[in-house]
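Heads up, the thing below is written out as structure tokens.
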Amino acid sequence: MIVMNEAFDPAFGEAWTRAQCAGIMSLPGVWLTLASEGETPAGFSLARIVADEAELLLIGVRPGWRRRGIGRALLHATEIEAIARGAGKLHLEVRAENPAAALYVSAGFTPAGRRIGYYVGKDGQLFDAVTLSKSLDAI
Ligand SMILES: CC(C)(COP(=O)(O)OP(=O)(O)OC[C@H]1O[C@@H](n2cnc3c(N)ncnc32)[C@H](O)[C@@H]1OP(=O)(O)O)[C@@H](O)C(=O)NCCC(=O)NCCS
């Protein structure tokens, strides 16, 4: 939650509450990957697999740890774990205009769709989500 609270701007309604995290983490097929420096958490990814398709639910890196390759390493670790769990594809959703999209595109994800008004920001403003997918066959 330290990472969650620092990494996600409340303006965009992307962060999850502790209760939401606890709820999903008790479900089968869900896993958390934590990046840390010693005992200090720097970032995490949360993903799940259903049948042979995996979904990256959240990825975040604390502002002071960004642009050091932690986000890319978390994404790669998530892909490797998804393969180990039997996934052939990894899907994710990102807010349209989120600079994080550059990370996904450079990692080989391609756009698969758009959800209008998917995220609800703090002041009720709606933001579209772009769905991206990547085949894990070639990794
Ligand atoms: C997206 C996020 C996880 C990236 O973490 P990070 O540790 O900074 O990522 P990396 O250092 O591995 O960056 C890898 C590449 O992604 C791209 N990238 C990352 N952040 C970027 C930004 N703000 N603007 C443009 N490109 C960006 C760059 O190509 C970067 O490579 P470079 O630094 O060599 O140019 C981090 O910015 C974050 O937590 N954002 C807020 C939460 C969020 O929006 N998460 C995604 C939606 S769930």
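Read the figures in this text as sums done on the coordinates, not as results from a lab. If you're wondering where the values come from, they're calculated on a predicted model, not measured in any experiment. With ideal geometry, Cβ positions are generated from the backbone for all residues, glycine too; neighbour counts draw on all protein chains shown.
At what distance in nm do the modelled label points of Ala11 and Trp31 sit from each other, each positioned 7 Å from its Cα along Cα→Cβ?
In this crude label model, Ala11 to Trp31 measures out at 3.5 nm.
Only Cα pairs under 8 Å and at least 6 apart count here; give the relative contact order of the chain as a rounded whole percent.
22 percent
Magnitude of the Cβ-charge dipole of region 2-135, K/R +1 and D/E -1, about the Cα centre, nearest 20 debye?
140 debye
Determine ³J(HN,Hα), in whole Hz, for all residues of region 72-78 in sequence, where each value follows from phi through the Karplus function 6.51 cos²θ - 1.76 cosθ + 1.60 and θ = phi - 60°; x replaces Gly and Pro.
Each residue's phi maps through the Karplus curve to give 5, 5, 5, 4, 5, 4, 5 Hz.
Alpha carbons only, please: Rg and Dmax for region 9-139, in angstrom.
In order Rg, Dmax, the Cα atoms of region 9-139 give 14.5, 42 Å.
Can you work out ³J(HN,Hα) from phi for every residue in region 123-138, in order, using Karplus 6.51 cos²θ - 1.76 cosθ + 1.60 and θ = phi - 60°, giving whole Hz and x for Gly and Pro?
For region 123-138, the Karplus curve yields 9, x, 5, 9, 10, 6, 10, 9, 8, 10, 9, 9, 6, 9, 5, 8 Hz.
Using alpha carbons only, how many angstrom separate the centre of region 87-134 from the centre of region 1-65?
15 Å
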